[in-house]
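To keep things clear, I will list the structure first and then write my remarks on it.
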Amino acid sequence: MEKRAFLLGMFHYQRSRSITASDLPSTEFDVRTLEKKLKQLQFDTISYMDLCLNDAIEKIKRFAQEAPCDSLNVIYFSGHGGHSRGENYLYTVDLGTNLDHGLSIENSALNIKILSSAFPRKVKLLIIIDACRDNLTPTYSCNYSEMIAPQDTYIAYATQFDHYSTCTLQSSYFTETLCENILEPNISIDQLFTNVRAALYLKYSKQISNSVNGLMSYVTLNEQVTRDDVGLSVLKFVDKYGDMYVDKYGCFAGDDLVFIDAAQYCGISVLDAIYKYLKLDAERCHVT
């Protein structure tokens, strides 16, 4: 499965009359740190800082359109965000300027629904949003903005509805905690963000991350096959096909060929395949 990641950080927000959006120096560090972790997980990554709305949408759509069918894709955003009239938005650096020019919030900010709808093919998508979910201003306020995860999409938000995502000048609490847990092998994406939620609250006692799971199958970011798993595959292969090889090629040639094919099937050497088989076969027979 091809693994791809798109990371977007917003540091220097343009000054405007409509709103006050402070700079976020931590976003640059967050993007760099998470990108390094994703590369360790064999993701092909691309990252951007301080994009305006139209440029961000164009690059997201290009990333989505190039995604192979059934690939695993991560979209990460670090910056200001919020909700308005039932929708959740991410704020690019030109948000205030767009509002100054009389544009509506719908045409001034990035609706998170665009992130999933941009993919023309069936893929697995993980959306990670490190941003606040509070009201932009009372003018744009609403009672509730629901997060909905489409099919095969997982959305992880740094905080709950109407709450802030906390950060220092160096890093965000949420992304920092995510990077501390993301290399954990053989756990599902849902379990990963459950662990992040627990660790985040245990560490800072005030921020509870939130997530919505629309995945239709078990997905892990760091799948590691252990030596015992490989040995079990060899054992099952020889048990299933061993008699067929002996019947077809004879006792001696059949034994050799079944281990040669088992080794090729599991991607290991023939000697490793024989060793693993004998070891596990002895264990199930209680032989030392």
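The values are calculated or read from the model by the stated rules, or taken from the named source; none is laboratory data. Small disclaimer: the values here were computed from a predicted structure and weren't measured. Positions of Cβ are generated from backbone atoms using ideal geometry, with glycine treated the same way; all protein chains shown enter the neighbour counts.
Name the residue, out of ALA253, ALA273, that is in contact with a helix residue (DSSP H, G or I) (Cβ under 7 Å, 6 or more places away or on another chain) and assigned to a helix (DSSP H, G or I).
Working: ALA253 fails: in contact with a helix residue (DSSP H, G or I) (Cβ under 7 Å, 6 or more places away or on another chain).
Of the residues listed, the single one that is in contact with a helix residue (DSSP H, G or I) (Cβ under 7 Å, 6 or more places away or on another chain) and assigned to a helix (DSSP H, G or I) is ALA273.
Among the residues of the range 208-258, those that are hydroxyl-bearing (Ser, Thr, Tyr) and under 30 Å from ALA158 (Cα atoms) comprise SER209, SER211, SER217, TYR218, THR220. PHE161 meets each of the listed conditions (1) surrounded by 17 or more Cβ atoms within 10 Å (Cβ to Cβ); (2) in a loop (DSSP other than H, G, I, E, B) apart from (1).
Are there any pairs with C-beta distances below 7 angstrom linking a residue in the range 252-269 that is in the same structural domain as PHE237 (by TED's automatic domain parsing) to a residue that is loosely packed, with under 13 Cβ neighbours inside 10 Å and not in a helix (DSSP H, G or I), with the two at least 6 apart or on different chains, and if so which? The qualifying pairs are ALA263/SER269. Taking the range 32-71 as the range and being in a loop (DSSP other than H, G, I, E, B) and within 23 Å of THR175 (Cα to Cα) as the test, the residues that pass are LEU41, GLN42, PHE43, ASP50, LEU51, CYS52.
With the checklist (1) modelled with pLDDT of 95 or more; (2) touching a Phe, Trp or Tyr at 6+ places or on another chain (Cβ under 7 Å); (3) of a type in the set (Ser, Thr, Tyr) in hand, flag the one item SER171 doesn't pass. Against the list (1) modelled with pLDDT of 95 or more; (2) touching a Phe, Trp or Tyr at 6+ places or on another chain (Cβ under 7 Å); (3) of a type in the set (Ser, Thr, Tyr), SER171 comes up short only on (1). Inspect all residues belonging to the range 99-117 and state whether any of them is buried (at least 22 other Cβ atoms within 10 Å of the Cβ), out of contact with any Asp or Glu (no Cβ under 8 Å at 6 or more places or on another chain) and more than 23 Å from LYS59 (Cβ to Cβ). Scanning the range 99-117, I find no residue that is buried (at least 22 other Cβ atoms within 10 Å of the Cβ), out of contact with any Asp or Glu (no Cβ under 8 Å at 6 or more places or on another chain) and more than 23 Å from LYS59 (Cβ to Cβ), so the answer is no.
Provide a single number: the residues in the range 193-223 that are out of contact with any strand residue (DSSP E or B) (no Cβ under 7 Å at 6 or more places or on another chain) and within 19 Å of SER116 (Cβ to Cβ).
Just the residues of the range 193-223 that are out of contact with any strand residue (DSSP E or B) (no Cβ under 7 Å at 6 or more places or on another chain), to begin with: 194-208, 216-217, 221-223.
Next cut, within 19 Å of SER116 (Cβ to Cβ) only: 216-217, 221.
Looking only at that region, the number is 3.
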